[in-house]
Amino acid sequence: MKIFNTLTRRKEEFVPLEPGKVKMYVCGPTVYNFIHIGNARPMLVFDTVRRYFEYKGYQVNYVSNFTDVDDKIIKKAIEEGVDSEVISSRYIEECKKDMGGMNVKPATTHPQATLEIDGMLKMIQILIEKGHAYAAQDGTVYFRTSSFQDYGKLSHKNLDELQSGFREIKVTGEEGKEAPSDFVLWKPKKEGEPYWDSPWCQGRPGWHIECSVMAKKYLGEQIDIHAGGEDLIFPHHENEIAQSEAANGKPFATYWMHNAFLNIDTNGHVQKMSKSLGNFFTVREISERYDLQVLRFFMLSAHYRSPLNFSAELMEASKNGLERILTAADRLRDARKAALEREKGNVDAALAAKSAKTVRTAEEQNHIGTAKELSAKYEAAMEDDFNTADAIAAVFELVKLCNSTVSGDSSLTYIDFMKELLERLCDVLGIVTERKEDILDDEIEVMIQARQQARKAKNFALADEIRGKLLDMGIVLEDTREGVKWKKA
Ligand code: AMP
Ligand code: ZN
């Protein structure tokens with residue numbers, strides 16, 4: 001498997017630190033508002049990377065943080081007259097809802113910066129002891145960039161150039177810095193801001209130290225993949241490397257992956273979608289017009305390192321493309337039902353068993369061969385730095401093959417092969433091939449079973465509660481001699 005590594009600017013063969021395992025850290029959002037679809041791009045891209053590793057049999061430890069202490073959160077809290085924590089926990093919940101809607105798997109751990117302050121104090125202390133950091137008069141602690149030989153290695157910047165560049169931009173309040181490129185690890189509190197005690201001053205951590213500490217706590221000192229949007233290369237990831245490698249004395253991440261921007265064209269200006277430019281759509285807004293699967297499919301239709309322009313036309317095209325796949329999956333399910341009926345009606349049990357196990361015709365064997373080639377093509381695309389655009393092209397070819405060769409007359413083995421393959425390849429992309437209504441039906445069945453069990457256990461209150469919940473969903477139950485039947489009210 002090949003991954004483009006920002007550190008070396010080359011595609012490199014993936015070699016895990018520990019065989020069969022992937023340790024992955026993805027920088028998460030700052031939670032002061034609903035996430036926009038630009039923020040959704042790294043979520044969708046790296047969730048797909050994770051899914052592909054899992055498909056290949058790797059055990060993935062996936063950590064993605066929420067930055068819950070930040071100027072923007074504090075500003076919003078002041079505007080609303082509430083604590084910062086009210087704002088951050090509200091938008092963490094909303095973000096998780098959006099992630100659920102986009103079928104992004106929950107991370108193995110979703111750490112929050114404010115719950116990891118102790119670890120940050122420890123790492124800052126170590127950096128000071130090793131001479132990589134210093135406290136200024138006012139209690140601000142800075143990282144001493146000149147002490148870290150490799151500073152600039154990720155963004156391919158030269159420290160001398162950086163120093164002169166920074167000298168141009170004088171920031172007030174940073175007079176205690178030894179050098180312009182030094183960055184904040186800890187800063188003193190301002191009136192009305194959340195703060196923690198520290199040996200240097202009452203204050204709060206800088207943004208970069210959060211990720212170095214959370215990655216170390218949940219994944220260890222060395223990790224396989226560190227990822228985020230390309231705007232994080234400098235300074236955020238450069239600074240994370242400096243902090244982690246200076247403190248731990250080991251290389252931090254083997255592979256650095258960065259997605260390109262989601263852009264939007266406003267009056268002929270193509271610009272990065274961002275909160276500050278005000279040219280964004282939230283995931284929530286998109287969910288009012290489209291199933292979020294369409295958004296997911298749209299994002300994966302481009303390679304993650306290519307800029308992608310958001311437009312209504314492209315969303316419509318994605319909607320149609322996705323529909324083609326879902327319709328093929330519907331047809332496979334219908335064909336399966338018909339084949340099952342046929343097999344059931346087959347009086348010769350031995351023949352039925354035989355036909356269920358073996359592929360009926362040589363023609364079907366041929367098609368299975370073609371399908372396997374398409375599956376290999378899909379894998380080759382994903383192995384080439386996660387080329388989801390080409391992987392989707394292989395899925396479309398498979399859809400075409402299914403549509404032209406599967407019917408109710410096909411053997412059950414053949415139908416199942418094609419159905420499982422299509423579902424599996426879609427699942428790696430996070431696309432659910434079952435229609436929402438079908439999923440709902442399954443959910444109803446599970447609830448009915450739970451009600452039956454409650455009745456058996458004579459827990460009539462619970463049974464009634466479940467009946468009530470179903471009623472809220474518009475489902476009416478009927479207890480008949482053959483069991484419980486349900487219908488939509
Ligand atoms: P933020 O909340 O601004 O820290 O962003 C969270 C994540 O979203 C980071 O990985 C950013 O790089 C990424 N991101 C923000 N805007 C965009 C965009 N327009 N396109 C792609 N990624 C973005
Ligand atoms: Zn980070």
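The values are calculated or read from the model by the stated rules, or taken from the named source; none is laboratory data. Every value quoted in this text rests on a predicted model; they were computed, and no experiment measured them. Reconstructed Cβ throughout: ideal geometry from the backbone, glycine too, with neighbour counts over all protein chains shown. The protein model used for the area step is the full one, side chains on, heavy atoms only, and it has no ligands, DNA or RNA in it. Shrake-Rupley method; radii C 1.70, N 1.55, O 1.52, S 1.80 Å.
Worth a mention:
- Residues satisfying the stated conditions in region 174-197, i.e. of a type in the set (Ser, Thr, Tyr) and open to solvent by 30 Å² or more (accessible area, probe 1.4 Å): TYR195
- Filter result for the condition that a residue is over 24 Å from ASN65 (Cβ atoms), among the hydroxyl-bearing types (Ser, Thr, Tyr) and surrounded by fewer than 17 Cβ atoms within 10 Å (Cβ to Cβ), over SER164, SER147: SER164
- Listed by position, the strands (runs of 3 or more DSSP E) inside region 1-96 whose residues that are within 16 Å of ligand 2 (Cβ to nearest atom) number at least 1 are 21-26, 59-64.
- Among the residues here, ALA242 does not qualify as buried (at least 16 other Cβ atoms within 10 Å of the Cβ) and either acidic (Asp, Glu) or within 29 Å of ASP384 (Cβ to Cβ) (or both).
Here's the yes/no breakdown for (1) within 11 Å of ligand 2 (Cβ to nearest atom); (2) more than 22 Å from THR48 (Cβ to Cβ):
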{"position": "LEU219", "(1), (2)": "no, no"}
{"position": "ASP224", "(1), (2)": "no, no"}
{"position": "LEU232", "(1), (2)": "yes, no"}
{"position": "HIS237", "(1), (2)": "yes, no"}
{"position": "ALA247", "(1), (2)": "no, yes"}
{"position": "TRP256", "(1), (2)": "no, no"}
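- Filter result for the condition that a residue is open to solvent by less than 20 Å² (accessible area, probe 1.4 Å) and closer than 18 Å to TYR142 by Cα, over ILE223, ILE209: ILE209
- Entirely in region 371-489, the helices (runs of 4 or more DSSP H) that have 2 or more residues that are within 23 Å of the chain's Cα centre (by Cα) and touching a residue at least 60 places away in the same chain (Cβ under 8 Å): 388-405, 412-428
- Region 55-80, residues that are open to solvent by less than 70 Å² (accessible area, probe 1.4 Å) and more than 17 Å from HIS226 (Cα to Cα): TYR55, GLY57, ASP68, VAL69, ASP70, ILE73, ILE74, LYS76, ALA77
- Residues that are within 14 Å of ligand 1 (Cβ to nearest atom) and open to solvent by 50 Å² or more (accessible area, probe 1.4 Å), drawn from region 270-294: VAL270, GLN271, LYS272, SER276, LEU277, GLY278, PHE280, PHE281
- In region 166-180, the residues that are modelled with pLDDT under 70 form no Cβ pair under 9 Å with any partner that is open to solvent by 100 Å² or more (accessible area, probe 1.4 Å), whether six or more places apart or across chains.
- Number of residues in region 126-143 that are surrounded by 14 or more Cβ atoms within 10 Å (Cβ to Cβ) and farther than 15 Å from SER244 by Cβ: the value is 9.
- Some residue of region 44-53 being surrounded by 17 or more Cβ atoms within 10 Å (Cβ to Cβ), away from ligand 1 (no atom under 14 Å from the Cβ) and of a type in the set (Phe, Trp, Tyr): yes
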